[in-house]
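Enquirer: What follows is a structure written as structure tokens; I'll ask about it next.
The values are calculated or read from the model by the stated rules, or taken from the named source; none is laboratory data. Computed from a prediction, not measured in an experiment: that's the story for all the values here. Please note: Cβ atoms are built from the backbone with ideal geometry, for glycine as well, and neighbour counts cover all protein chains shown.
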Amino acid sequence: MIHAELLRDQGILIITPEGALQQSDFTELGQLVDPFIEAKGELHGLMIYTKTFPHWDSFKALLTHFKFVKNHQQHIRKIAAVSDNTVLSIAPSIVTHFIHAEVRHFNYTDRDAALAWLKV
């Protein structure tokens, strides 16, 4: 499950994954952000805020996640990975080879600093 909050006035999407990610999570995210991206052209920022690294409930959910990233990454300026999880802490050095956005890691307790960085 993914909880999502779109800060429309700032163009920032905050997602908080909890438990196993499902295919429907990415459909719902698309329904939330696609109209905004269509109207504004991009998201200024995306915050992934999670204490633990999420997993997927099925292979189909994983594929849907990859498709979502592929279709949306060019419309996101910055991504903040806010987590104490080791996998997410090294993600910026890996994903910058595959996506357009500037990516930075923040410790889980630094949510406010991450949000401030996304706003710049």
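Enquirer: Being hydrophobic (A, V, I, L, M, F, W, C) and outside any strand (DSSP E or B) is the filter; apply it to the stretch 1-48 and report the residue that is modelled with the lowest pLDDT.
Expert: If we filter the stretch 1-48 for residues that are hydrophobic (A, V, I, L, M, F, W, C), which is where we start, we get 1-2, 4, 6-7, 12-15, 20-21, 26, 29, 32-33, 36-37, 39, 43, 46-48.
Still in the list and also outside any strand (DSSP E or B): 1, 26, 29, 32-33, 36-37, 39.
Details: 1: 88, 26: 94, 29: 95, 32: 96, 33: 96, 36: 97, 37: 96, 39: 96.
Looking at residues that are hydrophobic (A, V, I, L, M, F, W, C) and outside any strand (DSSP E or B), I get 1.
Enquirer: How many of the residues in the stretch 1-13 are without any contact (Cβ under 8 Å) to a residue 60 or more places away in the chain and farther than 14 Å from residue 75 by Cα?
Expert: Number of matching residues: 9.
Enquirer: Out of the residues in the stretch 84-97 meeting the condition of being surrounded by 13 or more Cβ atoms within 10 Å (Cβ to Cβ) and not in a helix (DSSP H, G or I), tell me which one is modelled with the lowest pLDDT.
Expert: Here is the first cut: in the stretch 84-97, the ones surrounded by 13 or more Cβ atoms within 10 Å (Cβ to Cβ) are 84-85, 88-89, 91-92, 95-96.
Subset that is not in a helix (DSSP H, G or I): 84-85, 96.
Details: 84: 84, 85: 71, 96: 60.
So, considering only residues that are surrounded by 13 or more Cβ atoms within 10 Å (Cβ to Cβ) and not in a helix (DSSP H, G or I), the one modelled with the lowest pLDDT is 96.
Enquirer: Hey, can you tell me all the residues within the stretch 6-22 that are of a type outside the set (S, T, N, Q) and either surrounded by fewer than 18 Cβ atoms within 10 Å (Cβ to Cβ) or on the phi > 0 side of the Ramachandran plot (or both)?
Expert: In the first step, residues of the stretch 6-22 are kept if they are of a type outside the set (S, T, N, Q); the result is 6-9, 11-15, 17-21.
Listed by number, the residues that qualify are 6, 7, 8, 9, 11, 18, 19, 20.
Enquirer: While we're on this one: Out of the residues in the stretch 49-83 that are in a strand (DSSP E or B) and either in contact with a Ser or Thr (Cβ under 7 Å, 6 or more places away or on another chain) or under 15 Å from residue 20 (Cα atoms) (or both), which is modelled with the lowest pLDDT? Outline the logic, then answer.
Expert: At the first step, the residues of the stretch 49-83 found to be in a strand (DSSP E or B) are 49, 55-56, 76-82.
Those still in the list that are either in contact with a Ser or Thr (Cβ under 7 Å, 6 or more places away or on another chain) or under 15 Å from residue 20 (Cα atoms) (or both) too: 49, 55-56.
Working: 49: 95, 55: 85, 56: 90.
The residue in question is 55.
Enquirer: Suppose we keep only residues that are out of contact with any Phe, Trp or Tyr (no Cβ under 9 Å at 6 or more places or on another chain) and not aliphatic (A, V, I, L, M) within the stretch 12-24. Which one would you say is nearest to residue 116 (Cα to Cα)? Talk me through it step by step, then tell me what you get.
Expert: Filtering the stretch 12-24 for residues out of contact with any Phe, Trp or Tyr (no Cβ under 9 Å at 6 or more places or on another chain) gives 12, 18-19, 24.
Narrowing further to those that are not aliphatic (A, V, I, L, M): 18-19, 24.
On the way: 18: 24, 19: 27, 24: 30 Å.
Restricting to residues being out of contact with any Phe, Trp or Tyr (no Cβ under 9 Å at 6 or more places or on another chain) and not aliphatic (A, V, I, L, M), the top hit is 18.
Enquirer: Just to verify a result, which residue in the stretch 26-73, among those that are in contact (Cβ under 8 Å) with a residue 24 or more places away in the chain and aromatic (Phe, Trp, Tyr), is surrounded by the most Cβ atoms within 10 Å (Cβ to Cβ)?
Expert: 26
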